[in-house]
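Data block below; observations after.
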Amino acid sequence: MTRIKTLSAVFILLLICVHPRLSAADYSKFSHATPKHQAACNTCHKVPTKNATAYPDIKDYPDHDACVSCHRPQFFKGARPPICSVCHSKTSPRDEVRYAFRNPTSKLQFTTEFPHDRHQDVIAMLRFSHAQQSYNNCTICHASRTTTFKASPTNHSSCFNCHWKAQQPVATDCKGCHKLATPYVHITEPTRISIKYLHEGGGEKKQHVAECTTCHINITKAASLRGLKPDVPITACTECHNKDGLRQDLNKELVALDKNRNFTCVYCHAPNVGNLDPPASHYLIAERPPLKRKDIK
Amino acid sequence: MRAPKLVFFALLLMVTVVLAQSQQPPAKQTGVLRLRVRVKADDSAPLRGLARKRFFLIPGTIEQNRTLIDAIERQTLTSRDCYYQKIGASPALIDWLRAGDCESVYCRGVEPDFVSGPKAVPEFSTAFVASQKEFGNDETARQWLTTNLTPDVRDGFYRARQTVLQTLLKQGGPVVHSVMTDRNGTAYFTDLGPGTYVLSNLIPTELGQTFVTWNCEVQVKPGDLATEKPYLVSNRKDRNVKCVGVEKPKPVCATD
């Protein structure tokens, strides 16, 4: 009988530890997934926030009212209430310093929806520029970050200039673009297969500077960001880099591989990719049957 | 007693995995269609790439899509100029949209010249003043002035076209592919299952004084690549042109 009691006690303890609803809530963590946190966004977030000076934006955490209305006991618990650390870098009544909004060290709780196809349709020319008019409108959101990578939007500047109050989804309709998701770490560096490629490159004439959709051929049909890859087919490269009388960069490396199965393709790739078997598409362009490294003598 | 049971279950698991693997369908071989659209606005004009126009690929033959094609050919559309005249837009706005071949004001940046001065578009000037009051600085006011335009001026024409398009797309079934041409008139349809498709622009394209409609049958074979040979589309016949558009004169704007 005593054994059963002990086992039951251990079981209940385990249940309390494992089950989040039975354990004491951790008020230092804020989750939008909590049912009571799923009211309309403007219940807590005000649009625009007071600290948005350059243009109207949401650049700060909600005011204390948003939390105190439900969490009064947690707010006044001890000298350093854990709930304060959701927004404040120091939990002290004498210090108002807050983390950057949103806190870059915390996991993202929302995904962003962006239908490239619809936006390609309505925006045709480069905006906000006095340069020669161009159809390359991707730079509205994707400015150069390095010579290799383009940047992705990190604020609302390229959204609200159209979607402020009239064009749906408007600035107060957060759900129009942001969908609640399982918290995840945002990857800022995209996966690159051909790491040696430079967007601003292409020799003295900078021949890589073209309309983005010349190489990123699937963007104009992409209705969401899910599974969206800037998939550049090999043909986008070989139009110049493997053409009779011009360059033979692909053919040269395939010939080198024929002679040495351990050859690393380096013209476009870093060794992590250059040591793999070339994909069938590369052999197709070279008009040769595909080969695996293990089959090369 | 336990060991034989474990061996039995392990064997059962292995057989299940092997069976599941053997039943996986072979990797689907898909094709790519490289579209090249070259047009002439009139006989004296040079051939040019048709930039920024959306094309659709509808599974099936022309006969299988007869109802849809009849609906495309029957539609009576208002031209951009007529739409904006009808809503009382200023001639300056109509010219501004025409210069960029724009279906909405989002299509090009509003340069300062078009906000004030001799080239000013009255709708932009009014919206700019409202934006100045709202945003407090001239640069944001200009860049965000579309937020203070009336919905009809802003994108009424685009929305009207989208309504027609969505109705037609419903008839085309769930697997209609669509892409938009780049500045050279090139676009790629990728991940296409082998078979017959109808290439269409669904909504006639305004070209000079005409509306052009394309509805052509296209064959996609497995392994087709986006390589050298594009599928050439035009409004003029030529030996290399695979799909010639049907041109109709644009209707005269109705006067109220």
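None of the figures in this text is laboratory data; all of them are computed from the coordinates on show. All of these numbers come straight from a predicted model, not from anything done at the bench. All Cβ positions, even for glycine, are placed from backbone atoms using ideal geometry, and neighbour counts span all protein chains on display.
Inter-chain neighbour count for B:102-113: the average number of beta-carbon atoms from partner chains within 10 Å of each residue's beta-carbon is 5.
For the residues B:Ser116, B:Ser200, B:Ser44, a GNM of chain B with alpha-carbon springs under 10 Å puts the largest fluctuation on B:Ser44. With only Cα atoms counted, the stretch A:169-270 has Rg and Dmax values of 18.9, 62 Å.
Each of A:Thr188 and A:Phe101 was given a label point 7 Å from its Cα along the Cα-to-Cβ line. The distance between the two points is 2.1 nm. Each other residue within a Cβ distance under 14 Å of B:Ile69 adds +1 if Lys or Arg and -1 if Asp or Glu, for a net charge of -2. Between amide H atoms placed 1.01 Å from N, distances below 5 Å from B:Tyr188 occur with B:Leu35, all of them 5 or more places distant or on a separate chain.
Among the GluC sites (Glu not before Pro) in the stretch A:146-221, which ones are in a DSSP loop with at most 13 other Cβ atoms within 10 Å of the Cβ? Mind listing them? Can you show the working numbers first?
Details: sites: A:Glu200, A:Glu204, A:Glu211; in loops: A:Glu200, A:Glu204, A:Glu211.
Counting only loop positions with at most 13 other Cβ atoms within 10 Å, the GluC sites (Glu not before Pro) in the stretch A:146-221 are A:Glu200, A:Glu204.
Taking Cα pairs under 8 Å and at least six residues apart, what relative contact order does chain B come out at, in percent? Let's see the in-between values first.
On the way: 412 pairs, mean separation 85.2, N = 256.
Relative contact order here is 33 percent.
Distance from the C-alpha centroid of the stretch A:180-201 to that of the stretch B:38-113: 36 Å, rounded to the whole angstrom. For B:Lys248 and A:Val255, a Förster radius of 56 Å and the Cβ-Cβ distance give a FRET efficiency of 0.55, rounded to the nearest 0.05. Estimated purely from DSSP H runs of n ≥ 4, each contributing -39500 (n - 2.57), the mean residue ellipticity at 222 nm for chain A is -7000 deg cm²/dmol once divided by its residues.
Shielding by partners for peptide A:212-224, expressed as the average number of C-beta atoms from other protein chains within 10 Å of each residue's C-beta, is 4.
Look at the stretch A:159-171: the mean tally of other chain Cβ atoms within 10 Å of its residues' Cβ atoms is 4. Taking 7 Å steps out from each Cα toward its Cβ at A:Leu225 and B:Arg236 produces label points 4.4 nm apart.
Computed from backbone phi with θ = phi - 60° and the Karplus coefficients 6.51, -1.76 and 1.60, the 3J(HN,Hα) list for the stretch B:143-158 is 5, 10, 5, 4, 6, 10, 9, 6, x, 5, 5, 4, 8, x, 5, 4 Hz; x is used for glycine and proline. Kirkwood hydrodynamic radius computed over chain A comes to 24.4 Å, based on all pairs of distinct alpha carbons. For the stretch A:229-297, the dipole from Cβ point charges (+1 on Lys and Arg, -1 on Asp and Glu) about the Cα centre works out to 300 debye, to the nearest 20.
What FRET efficiency do you get for B:Ser90 and B:Glu139 if R0 is 25 Å and r is their Cβ-Cβ distance, rounded to the nearest 0.05? Present the calculation step by step, with values, prior to reporting the outcome.
Numbers: r = 24 Å, r/R0 = 0.96.
Calculated transfer efficiency: 0.55.
Near A:Ala171, once Lys and Arg are set to +1 and Asp and Glu to -1 for all other residues with Cβ below 9 Å from its Cβ, the sum equals -1.
Per-residue 3J(HN,Hα) values for the stretch B:235-241, derived from phi via the Karplus relation 6.51 cos²θ - 1.76 cosθ + 1.60 with θ = phi - 60°, read 9, 10, 6, 7, 5, 8, 7 Hz in sequence order (x marks Gly and Pro). Between amide H atoms placed 1.01 Å from N, distances below 5 Å from A:Lys77 occur with no residue 5 or more places distant or on a separate chain.
Round to the nearest 0.05 the FRET efficiency obtained for A:Asp277 and A:Lys196 when R0 = 25 Å and r is the Cβ-Cβ distance.
On the way: r = 19 Å, r/R0 = 0.75.
Calculated value: 0.85.
Each other residue within a Cβ distance under 13 Å of A:Tyr283 adds +1 if Lys or Arg and -1 if Asp or Glu, for a net charge of -2. Note on chain A: with charges restricted to the Cβ of Lys and Arg (+1) and Asp and Glu (-1), its dipole about the Cα centre is near 1120 debye.
Extending 7 Å from the Cα toward the beta-carbon at both A:Lys175 and B:Ser125 defines two label points whose distance is 4.3 nm.
Cα centroid separation, the stretch A:91-118 to the stretch B:114-129: 38 Å. Among A:Asp95, B:Asp182, a tally of other beta-carbon atoms within 10 Å of each Cβ gives an order, fewest to most, of A:Asp95, B:Asp182.
Given C-alpha coordinates of chain B, what is the ratio Rg to Rh with the Kirkwood estimate of Rh? Here Rg/Rh amounts to 1.18.
When the C-alpha to C-alpha distance is required to be over 19 Å, the pairs from B:Lys119/B:Lys250; B:Lys40/B:Lys242; A:Lys46/A:Lys165; A:Lys205/B:Lys53; A:Lys90/A:Lys175; A:Lys50/A:Lys175 that qualify are B:Lys119/B:Lys250; A:Lys205/B:Lys53; A:Lys90/A:Lys175; A:Lys50/A:Lys175.
For chain B, leaving out every one of the GluC sites (Glu not before Pro) that falls in a DSSP loop and has at most 14 other Cβ atoms within 10 Å, the longest unbroken run is B:64-227. Share of Cα-Cα pairs in the protein assembly as shown beyond 48 Å, in percent? Roughly 28 percent, rounded to a whole number.
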